[in-house]
Amino acid sequence: MDSVRAKKHLGQHFLTDRNTALRIVQSLRPELGYDQVLEVGPGMGVLTDFLLEASEYKTWMVDVDHDSIVYLREKYPQLGDRLIHGDFLALDFEQLFAGSPVAVIGNFPYHISSQIVFKILDERQYVPEMVGMFQKEVAERCAAGPGNKVYGILSVLTQAYYDVEYLFTVKAGAFHPPPKVLSGVIRLTRKPQGGLDCDETLFRRVVKAAFNQRRKTLRNSLSGVIPKQKMGVHPFWDLRAERLSVADFVQLTNNIAQLIS
């Protein structure tokens, strides 16, 4: 197979600019303590070429597209069973990597960008670092701080467990076919503490409820989590969700946990 046709239903836009690909790969930092890297959606292998040049880590790849898998098996026969035909969102990290850390890298399909981030959050015990390209808007949402108009659920849940760096923007001409939007590359570095100092299930519920009605004050948006008559007096109740940092949401979660216990 000489090439792979990009499929619209898979959200494929193959990166063709090798300088951009090299910058993305060079943003990995195996000195953080991992010796395995998983590339998601390698397509025709423009990132893979540079990943396989590295001696510091072993590269795995996963792609849901049959045509890409056929092409990549011909191009990189040395990968063997490290080339996986499957859905990244359904991947069993524990079984595949046997508890060893693995970094995630990719030019991610834009239609499942948020799902990819949430999968990484779910597998965070195995993923010390992620370097990835998203639609610029999604990349900015991951990195946004309190008070920013794009700060939301994705921002808070990502930043609860990872430090987020917006690395650089990529123009549409770096892809085939070119997308109709700009792209952004971000790096996630797992925070050392691992977990949060609160009930994490309740934390996620509070964050999602708060931003699902983001134009309302927390007193109103969180009334489904805790009845208003139980809220008492707290300066957060009169604020909107976009004003609260991750630490504020942890504090609010602990406050709610006490009030509803």
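Just one of the listed residues (Val131, Val127, Val156) is of a type in the set (A, V, I, L, M, F, W, C) and either in contact with a Leu (Cβ under 6 Å, 6 or more places away or on another chain) or surrounded by fewer than 23 Cβ atoms within 10 Å (Cβ to Cβ) (or both), and it is Val131.
Check Tyr166, Tyr162 and return the single one that is surrounded by 19 or more Cβ atoms within 10 Å (Cβ to Cβ) and either on the phi > 0 side of the Ramachandran plot or without any contact (Cβ under 8 Å) to a residue 60 or more places away in the chain (or both). Give the steps one after another, and end with the answer.
Working: Tyr166 fails: surrounded by 19 or more Cβ atoms within 10 Å (Cβ to Cβ).
Among Tyr166, Tyr162, only Tyr162 is surrounded by 19 or more Cβ atoms within 10 Å (Cβ to Cβ) and either on the phi > 0 side of the Ramachandran plot or without any contact (Cβ under 8 Å) to a residue 60 or more places away in the chain (or both).
The set of residues from region 134-159 being in a loop (DSSP other than H, G, I, E, B) and touching a residue at least 24 places away in the same chain (Cβ under 8 Å) comprises Gly145, Pro146, Gly147, Asn148, Lys149, Tyr151, Gly152. Scanning region 108-133 for residues that are in contact with an Asp or Glu (Cβ under 9 Å, 6 or more places away or on another chain) and either more than 16 Å from Leu157 (Cβ to Cβ) or part of a strand (DSSP E or B) (or both) yields a single hit, Tyr126. The residues of region 57-81 that are in contact with a Leu (Cβ under 9 Å, 6 or more places away or on another chain) and either among the hydrophobic types (A, V, I, L, M, F, W, C) or outside any helix (DSSP H, G or I) (or both), listed by number, are Tyr57, Thr59, Trp60, Met61, Val62, Asp63, Val64, Asp65, Ile69, Leu72, Tyr76, Leu79. Could you list all residues from region 99-156 that are touching a Pro at 6+ places or on another chain (Cβ under 8 Å) and of a type in the set (Phe, Trp, Tyr)? Within region 99-156, Tyr110, Tyr126 qualify.
Okay, residues lined up against (1) more than 30 Å from Met44 (Cα to Cα); (2) buried (at least 16 other Cβ atoms within 10 Å of the Cβ); (3) of a type outside the set (Ser, Thr, Tyr); (4) not assigned by TED's automatic domain parsing to the domain that holds Tyr126:
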| site | (1), (2), (3), (4) |
| --- | --- |
| Pro177 | no, no, yes, no |
| Val181 | no, no, yes, no |
| Gly184 | no, yes, yes, no |
| Val206 | yes, yes, yes, yes |
| Phe211 | yes, yes, yes, yes |
| Arg215 | yes, no, yes, yes |
| Leu222 | yes, yes, yes, yes |
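The values are calculated or read from the model by the stated rules, or taken from the named source; none is laboratory data. Computed from a predicted structure; not experimentally measured. Positions of Cβ are generated from backbone atoms using ideal geometry, with glycine treated the same way; all protein chains shown enter the neighbour counts.
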